[in-house]
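Undergrad: One structure, pasted below without further comment.
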Amino acid sequence: MSAFFDTNILIYAQQIGDKADRARALFATGGKLSVQVLNEFTAVSRRKHGKDWHEIGDAIADVLALLDPPQALTLDIHTAARSLAEHHSLSFYDALIVASAIEAGCDTLYSEDMQHGRAIGGLTIRNPFLESAP
């Protein structure tokens, strides 16, 4: 199984509690994320959590040490995301995450925000915080 991580999983990994423990355990098994995820994480960490730039940089470095290099945002991914958004009723930013995961060759997308169990283009969305999630 090749996993891709949505932004919310990275955010939870920086907190305390059961969800944080689960998120960190998932990252420890390896996987992939995109530059978009890093951008969103940075914005949320600054705006909602009041983190300073060094804290954000350290958190990103810790996660990147466990994962494959981030998936770049390209024109091909942008184009694929527009199609996914149109045909699967996804928000454009969720479609970018899905398109990046598909481009990266992943079969699982861990996300708390997207529909658990939904399959799109060989990719299955899993909410890792549900009891039944792997």
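Undergrad: So in the stretch 113-122, with the set limited to residues that are assigned to a loop (DSSP other than H, G, I, E, B) and more than 13 Å from the chain's Cα centre (by Cα), which one is surrounded by the fewest Cβ atoms within 10 Å (Cβ to Cβ)? Explain how you work it out, then say what you get.
TA: Taking the stretch 113-122 as the starting set, the residues that turn out to be assigned to a loop (DSSP other than H, G, I, E, B) are 113-118, 121-122.
With the extra rule that they be more than 13 Å from the chain's Cα centre (by Cα), the set shrinks to 115-118, 121-122.
Numbers: 115: 13, 116: 15, 117: 12, 118: 15, 121: 12, 122: 10.
If we take residues in the stretch 113-122 being assigned to a loop (DSSP other than H, G, I, E, B) and more than 13 Å from the chain's Cα centre (by Cα), then 122 is surrounded by the fewest Cβ atoms within 10 Å (Cβ to Cβ).
Undergrad: Let me ask something else. Return the pair list, or none, for Cβ contacts closer than 6 Å from residues in the stretch 1-22 that are farther than 14 Å from residue 49 by Cα to residues that are among the basic types (Lys, Arg) and modelled with pLDDT of 95 or more, at least 6 apart or on different chains.
TA: Filtered contacts from the stretch 1-22: 4/32.
Yes/no matrix, rows are residues, columns are (1) in a helix (DSSP H, G or I); (2) over 15 Å from residue 109 (Cα atoms); (3) at pLDDT 90 or above:
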site	(1), (2), (3)
20	yes, yes, no
24	yes, yes, yes
37	yes, no, yes
40	yes, yes, yes
43	yes, yes, yes
46	yes, yes, yes
50	no, yes, no
56	yes, yes, yes
60	yes, yes, yes
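Undergrad: Still on this structure, please answer the following. Looking only at the stretch 20-40, which residues are surrounded by 17 or more Cβ atoms within 10 Å (Cβ to Cβ) and under 11 Å from residue 64 (Cα atoms)?
TA: Correct list: 27, 31, 32, 33, 34, 38.
Undergrad: Can you pull out every residue in the stretch 26-35 that is part of a loop (DSSP other than H, G, I, E, B) and aliphatic (A, V, I, L, M)?
TA: The initial filter retains those residues of the stretch 26-35 that are part of a loop (DSSP other than H, G, I, E, B), namely 29-31, 33.
Of everything in the stretch 26-35, just one residue is part of a loop (DSSP other than H, G, I, E, B) and aliphatic (A, V, I, L, M), namely 33.
Undergrad: Do you know which residues across the stretch 94-112 are closer than 17 Å to residue 9 by Cα and loosely packed, with under 14 Cβ neighbours inside 10 Å?
TA: none
The values are calculated or read from the model by the stated rules, or taken from the named source; none is laboratory data. Predicted model, so just to flag it, every value in this text is computed and none were measured. For neighbour counting, all protein chains shown are included, and Cβ atoms are generated from backbone atoms with ideal geometry for every residue, glycine included.
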